[in-house]
Each structure stands twice: as structure tokens, then as C-alpha cells.
1. Restricted to the range 91-109, and to residues that are surrounded by 11 or more Cβ atoms within 10 Å (Cβ to Cβ) and free of Cβ contacts under 8 Å to residues at least 60 places away in the same chain, which residue is farthest from the ligand (Cβ to nearest atom)?
2. Need at least 1 residues that are among the acidic types (D, E) per element, so show me which strands (runs of 3 or more DSSP E) inside the range 1-68 make the cut, counting only ones lying wholly within it.
3. Given the conditions (1) at pLDDT 95 or above; (2) open to solvent by less than 70 Å² (accessible area, probe 1.4 Å), which single one is not true for L67?
4. Among N52, N88, which is open to solvent by 60 Å² or more (accessible area, probe 1.4 Å), over 18 Å from P37 (Cα atoms) and within 14 Å of the ligand (Cβ to nearest atom)?
5. Inside the range 9-22, can you point out the residues that are within 12 Å of the ligand (Cβ to nearest atom) and buried (at least 17 other Cβ atoms within 10 Å of the Cβ)?
6. Filter the range 35-49 down to the residues that are closer than 21 Å to G94 by Cα and either in contact with a helix residue (DSSP H, G or I) (Cβ under 9 Å, 6 or more places away or on another chain) or free of Cβ contacts under 8 Å to residues at least 12 places away in the same chain (or both), then identify the one that is nearest to the ligand (Cβ to nearest atom).
7. In the range 23-33, what residues are free of Cβ contacts under 8 Å to residues at least 40 places away in the same chain and within 14 Å of the ligand (Cβ to nearest atom)?
Amino acid sequence: MSTGCLFCNIVARTTPASIVLEDEHVLAFRDLRPVAPSHALVVPKKHITGINDATPEDAALLGQVLLGARTVAEQLGVGASGYRLVLNQGPDGGQSVFHVHCHVMGGRPMTWPPG
Ligand code: DGP
């Protein structure tokens with residue numbers, strides 16, 4: 001838990017969110033500003049500021065984030081049609097919330113390269 005971290009506050013339920021998945025290690029909730037018909041975020045409950053701050057001890061936890069993202073995609077009904085997973089890191093990566101999160105976006109064809 002990091003004081004003042006928005007996603008820690010969502011994990012702690014002091015900030016409301018539309019939660020779609022929870023287990024011991026991860027929480028997933030709908031993105032407040034969706035850019036696709038289905039758009040959720042999967043976060044580790046442990047505060048990690050960004051992927052640059054993850055350590056080898058976080059490897060299993062990050063795997064749980066990815067597997068959680070797959071489950072979320074299935075739950076949102078885009079598992080079979082396909083979806084995109086994104087982790088933004090730092091200014092050029094477009095990171096705006098400094099708690100590791102995996103975007104799960106689907107429900108429309110994605111383009112490449114991303115903007
Ligand atoms: P990023 O730019 O990769 O750091 O993504 C942060 C995402 O977090 C962005 O898509 C919008 C979303 N977001 C920001 N504030 C809130 C909030 O208060 N609640 C929820 N559910 N999502 C938020």
C-alpha cells in the first residue's frame with residue numbers, strides 16, 4: 001500500500017471502481033476512460049510503481065497479472081475474438097498512474113503500430 005496511490009486506494013476500496021475480478025494477489029476493474037468497447041485494468045495488490053521498479057521476486061506476481069488479464073478478457077466476452085494487453089512505462093510510454101497495471105482492451109479490431 002502506497003499512500004496517495006490511486007490504484008492502492010481502489011485495492012483498499014477507499015476509491016470506488018467497477019471491479020470485474022479479484023483474487024489474493026490481483027484486482028481488475030473497468031477503466032474510467034475506456035478507449036475500446038471493453039477496457040479493464042489488472043493491477044497487483046502490492047504497490048509496484050512501474051515495470052521498471054519490479055524485481056525478480058515480483059516475477060510470479062507479474063505472471064498472475066497476465067493470467068488475470070486473460071481471465072478478464074474471457075469474462076468481458078472478448079477472449080475468443082481477441083484483445084490487446086498493454087503496460088505503459090514512463091513518460092514516453094504514456095504512463096499516467098504510477099502503480100503497475102495491465103490494460104485489457106477488446107471489442108474492436110486493434111491497429112498497429114499503436115499511437
Ligand atoms: P496509464 O496511462 O497506462 O497509466 O493508464 C491509466 C489508466 O487509468 C487510464 O486509462 C485511465 C485510468 N484511470 C485513471 N483514473 C482512474 C480512476 O479513478 N478509476 C479508474 N477505474 N480508472 C482510472
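The values are calculated or read from the model by the stated rules, or taken from the named source; none is laboratory data. Because the structure is predicted, anything quoted here is derived from the model rather than measured. All Cβ positions, glycine included, derive from the backbone under ideal geometry; neighbour counts span all protein chains shown. These area figures cover heavy atoms from the full protein model, side chains too; ligands, DNA and RNA do not enter into them. Shrake-Rupley method; radii C 1.70, N 1.55, O 1.52, S 1.80 Å.
1. That would be V100.
2. Correct list: 19-22.
3. Tallying (1) at pLDDT 95 or above; (2) open to solvent by less than 70 Å² (accessible area, probe 1.4 Å), L67 fails exactly one: (2).
4. Only one candidate qualifies: N52.
5. Residues satisfying the conditions are N9, I10, V11, A17, V20.
6. Only one residue fits best here, namely L41.
7. The answer is L27, F29, R30, L32, R33.
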